[in-house]
Amino acid sequence: MENTTIFITIGIYLVFLLGIGKLFTRYNSNISDYVRGGARGTWWMVGMSSFMASISAFTFTGNAGAAFQAGPSPIIIYMATNMAGFVFIFFLAGWFRQSRAVTLQDLVRRRFGPEVEQLNCYMAVVLGPLHAAVQLLSLGIFCSAVFGFPLIPTIVVIGCVVVTYSTMGGRWAVMATDFFQSLILIPIVVLIAYLCLKEVGGVSGFLEHFNSPKLGEDYKFINAEGHWPGDRFSSKWMTVIFLSIFLQTMSFIYAPRYLAVRDGKEARKAAMLTFGLGWIGTLIWFIPPMVARFLIEDDVLAVDITQPVTASYALIAERVLPNGLLGVLVVAMFAATMSSMDTGLNGVTGTVVKNLLPPLFRKLKRPPIAEDRQLFWCRGVTLFFGAMIIVNSAWLGIQEEVELFDILLLLGSIIGLPLAIPLAISIFFKRLPRWSYFSISGCSLIPSIWSYIEKWVTGEGWLMHDRIMWILIGSLVGTLLSLPFYRYSKQVYRDQVDKLFKDMRTPIDFEKEIGGANDTQQLRTMGNVSIAGGLFLAILLILPNSLSGRMCVLFVCGFVILIGSLMKRTARLKDEALKVANLDTDVKES
């Protein structure tokens, strides 16, 4: 009965997402609409989409497994991101929107020039789909092992749904589906955390388990060196990981999340929602896997997968959730992966159509893409890269030797961080010459590459946090070496940088620069979608459950319906206020 309910829940949910994608197709008329929602997205839709893009199924698997083993120590990863959130709220979110960029690579070109823009374009085109394929594969493997889903069909179905609604609706569909998926994710994870705390006697009972001899030294926030493999969760590990994530988060890489809002003020509000939810998530993400360690440790370790600890969240949820809601958890895990995948897919599309193809066409002496053909190209590129993601993920799933997976991890660890660091440093150090991107990256790459050469030669590699520490030191050296040469930069480049930084600090006049606000339409549409989704979830009330079980189902569906109702009410009040304002204007004119 439970498996049937899960499959029905998933099936209707995926069809629902396709309907949302179709619904928002009419919002697109040009490449700006398709790639950044025409810069008309409301703060609540952009903020929720940004929040969903920041999590993935790894939150419920890999990070949950770390919490199962080491307790609160992995929280440092989320704390670093959330601390960077304060900088976004007060500065970066508004600056990024006020840059007037359409894509990330627009910002990169204005900061460092077309050479760096094109390098980042090709890196995004190569690594983006591979990263998404591995994410999709990881979700498929987990669902196959824990829930018994067939691997390849799971990959193909989820991938096709994401590609379909992303192709139809572009950024609008991405934001809308992310918003709806967040309304399902939030209540189910809150409910699971509450039920887990209830299982161990509340907060006080939860904290008492930390003194259990069974846990020993494992649940100390900072652990002694050597307690965990690779000195994980030691003071040095915690410091280096915090600094690297904090620095990477405060980067141009995160700019696309805020290019879709109306202006800088709306961007700051979106950042407040994103990181506010992030702080709440930090408090509740890791409660279930820790409770799993307290109560069902042997059951978790008995799961027949390579890393059984990654199943801790799913197994404890299966134990505490009432009949029918396990399918909603699976949907939430799907949502976490799909939200990261659709955002990345939309970003790659913008990069290709807006930044990679135009200079390529000029070199080939072909005419630029006509404005009335831009949407056609956007949809074609989205479809192409979406198909690549599905094929790569399925291929990885059926082969025995996953060399591509290893190559991706290698490229990400050796090249990813060194290439990302200059995009963070250059926000706060204005007086950097045009070539500084290569000097900073180059100095960062030296210890990164050397650590792997040493491993190949001697068989003994560096610890991860030692490599990251020397990469950060290398980037600092590259920055200090570059700063004195800014005075020798060409005036054209210096003017370009001055203009970028001036734009980032200049407020946007939405009516003059963009116009055509549709805030009320977004409220009304998403309100209707949310109420419909909540009513669908309410069908789970007919399943056999105790009174407390029915109250749990009512909490989840009631949350979705309540948010939808509030949105519709707000839209109605805005319409009434607009009618009154128009009436007053007519009276004054008469």
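The values are calculated or read from the model by the stated rules, or taken from the named source; none is laboratory data. Predicted, not measured: the structure shown is a model, and the values here were computed from it. As a convention, Cβ positions derive from the backbone with ideal geometry for all residues, glycine included, and neighbour counts pool all protein chains shown.
Looking only at region 536-577, which residues are under 21 Å from Glu199 (Cβ atoms) and more than 30 Å from the chain's Cα centre (by Cα)? Steps first, please.
Our first condition is that a residue be under 21 Å from Glu199 (Cβ atoms); within region 536-577, this holds for 545-556.
Those that are under 21 Å from Glu199 (Cβ atoms) and more than 30 Å from the chain's Cα centre (by Cα): Asn545, Ser546, Leu547, Ser548, Gly549, Arg550, Met551.
Within the set of pairs 6+ apart or on separate chains, which have a first residue in region 252-277 that is in the same structural domain as Gly41 (by TED's automatic domain parsing) and closer than 11 Å to Ser49 by Cα, a second that is among the charged types (D, E, K, R) and modelled with pLDDT of 95 or more, and C-beta atoms under 8 Å apart?
Within 8 Å, the pairs are Tyr258/Arg97.
Can you confirm whether Ile10 is under 19 Å from Ala336 (Cα atoms), buried (at least 19 other Cβ atoms within 10 Å of the Cβ) and assigned by TED's automatic domain parsing to the domain that holds Leu383?
On the way: under 19 Å from Ala336 (Cα atoms): yes; buried (at least 19 other Cβ atoms within 10 Å of the Cβ): yes; assigned by TED's automatic domain parsing to the domain that holds Leu383: yes.
Answer is yes for this residue.
Any idea how many residues of region 168-200 are surrounded by 24 or more Cβ atoms within 10 Å (Cβ to Cβ), closer than 19 Å to Met45 by Cα and among the β-branched types (Val, Ile, Thr)?
Residues that pass the stated criteria total 3.
Restricting to region 117-149, name every residue that is of a type in the set (Gly, Ala, Ser) and either free of Cβ contacts under 8 Å to residues at least 24 places away in the same chain or assigned to a helix (DSSP H, G or I) (or both). Explain how you work it out, then say what you get.
We begin by selecting, within region 117-149, every residue of a type in the set (Gly, Ala, Ser); these are 124, 128, 132-133, 138, 140, 144-145, 148.
Within region 117-149, Ala124, Gly128, Ala132, Ala133, Ser138, Gly140, Ser144, Ala145 meet the criteria.
This table checks each residue for (1) over 29 Å from Arg40 (Cα atoms); (2) surrounded by fewer than 24 Cβ atoms within 10 Å (Cβ to Cβ).
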| site | (1), (2) |
| --- | --- |
| Leu92 | no, no |
| Gln98 | no, yes |
| Leu107 | no, no |
| Phe112 | no, no |
| Glu115 | yes, yes |
| Gln118 | no, yes |
| Val125 | no, yes |
| Ala133 | yes, no |
| Ile141 | yes, yes |
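Which numbered condition trips up Asp178, out of (1) modelled with pLDDT of 90 or more; (2) of a type in the set (D, E, K, R); (3) in a loop (DSSP other than H, G, I, E, B)?
Condition (3) is where Asp178 drops out.
Give the residue that is nearest to Ala387 (Cα to Cα), with candidates limited to residues of region 144-203 that are of a type in the set (Phe, Trp, Tyr) and touching a helix residue (DSSP H, G or I) at 6+ places or on another chain (Cβ under 7 Å). Can you show your working first?
The first filter runs over region 144-203 and keeps only residues of a type in the set (Phe, Trp, Tyr), leaving 147, 149, 165, 172, 179-180, 194.
Remaining after also requiring touching a helix residue (DSSP H, G or I) at 6+ places or on another chain (Cβ under 7 Å): 147, 149, 165, 172, 179-180.
Numbers: Phe147: 26, Phe149: 21, Tyr165: 13, Trp172: 21, Phe179: 24, Phe180: 24 Å.
Only one residue fits best here, namely Tyr165.
Under 7 Å between Cβ atoms, which residue pairs at least 6 apart in sequence (or on different chains) link something in region 438-451 that is in a helix (DSSP H, G or I) with a partner that is among the polar types (S, T, N, Q)?
Going by the 7 Å Cβ cut-off, the qualifying pairs are Ser439/Ser482; Ile440/Ser475; Ile440/Thr479; Ile440/Ser482; Cys443/Ser475; Ser444/Ser475.
What tally of residues in region 225-257 results from selecting those that are surrounded by fewer than 18 Cβ atoms within 10 Å (Cβ to Cβ) and part of a helix (DSSP H, G or I)?
Of region 225-257, the ones surrounded by fewer than 18 Cβ atoms within 10 Å (Cβ to Cβ) are 225-227, 229-230, 235-236, 239, 242-243, 246.
This time we only want the ones that are part of a helix (DSSP H, G or I), so: 229-230, 235-236, 239, 242-243, 246.
Residues meeting the conditions: 8.
Quick one: is Val291 of a type in the set (Val, Ile, Thr), at pLDDT below 90 and within 27 Å of Ile186 (Cβ to Cβ)? Reasoning before the result, please.
Details: of a type in the set (Val, Ile, Thr): yes; at pLDDT below 90: no; within 27 Å of Ile186 (Cβ to Cβ): yes.
The answer is no for Val291.
Suppose we keep only residues that are buried (at least 17 other Cβ atoms within 10 Å of the Cβ) and aromatic (Phe, Trp, Tyr) within region 201-224. Which one would you say is nearest to Met469 (Cα to Cα)?
Tyr219
Residues checked against (1) under 19 Å from Tyr122 (Cβ atoms); (2) in contact with an Asp or Glu (Cβ under 6 Å, 6 or more places away or on another chain); (3) at pLDDT below 85; (4) of a type outside the set (Asp, Glu):
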| residue | (1), (2), (3), (4) |
| --- | --- |
| Trp377 | yes, no, no, yes |
| Val381 | yes, no, no, yes |
| Ile398 | no, no, yes, yes |
| Leu408 | yes, no, yes, yes |
| Leu417 | yes, no, yes, yes |
| Phe429 | no, no, no, yes |
| Tyr437 | yes, no, no, yes |
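Given Leu329, Leu277, which one is modelled with pLDDT under 90 and farther than 16 Å from Lys198 by Cα?
Working: Leu277 fails: modelled with pLDDT under 90.
The unique qualifying residue is Leu329.
Select from region 521-540 the residues that are of a type in the set (A, V, I, L, M) and either under 15 Å from Ile188 (Cα atoms) or assigned by TED's automatic domain parsing to the domain that holds Tyr13 (or both) and write down the one among them that is surrounded by the fewest Cβ atoms within 10 Å (Cβ to Cβ).
Taking region 521-540 and keeping what is of a type in the set (A, V, I, L, M), we get 523, 526, 529, 531-532, 535, 537-540.
With the extra rule that they be either under 15 Å from Ile188 (Cα atoms) or assigned by TED's automatic domain parsing to the domain that holds Tyr13 (or both), the set shrinks to 537-538, 540.
Values: Leu537: 28, Ala538: 16, Leu540: 24.
The qualifying residue surrounded by the fewest Cβ atoms within 10 Å (Cβ to Cβ) is Ala538.
Which condition does Leu476 not pass, out of (1) surrounded by fewer than 18 Cβ atoms within 10 Å (Cβ to Cβ); (2) under 30 Å from the mean Cα position of the chain (by Cα); (3) touching a residue at least 12 places away in the same chain (Cβ under 8 Å); (4) more than 30 Å from Gly21 (Cα to Cα), if it passes all the others?
Failed condition: (3).
If we scan region 498-512, do we find a residue that is surrounded by fewer than 16 Cβ atoms within 10 Å (Cβ to Cβ), hydroxyl-bearing (Ser, Thr, Tyr) and more than 25 Å from Leu127 (Cα to Cα)?
Yes; the residues of region 498-512 include at least one that is surrounded by fewer than 16 Cβ atoms within 10 Å (Cβ to Cβ), hydroxyl-bearing (Ser, Thr, Tyr) and more than 25 Å from Leu127 (Cα to Cα).
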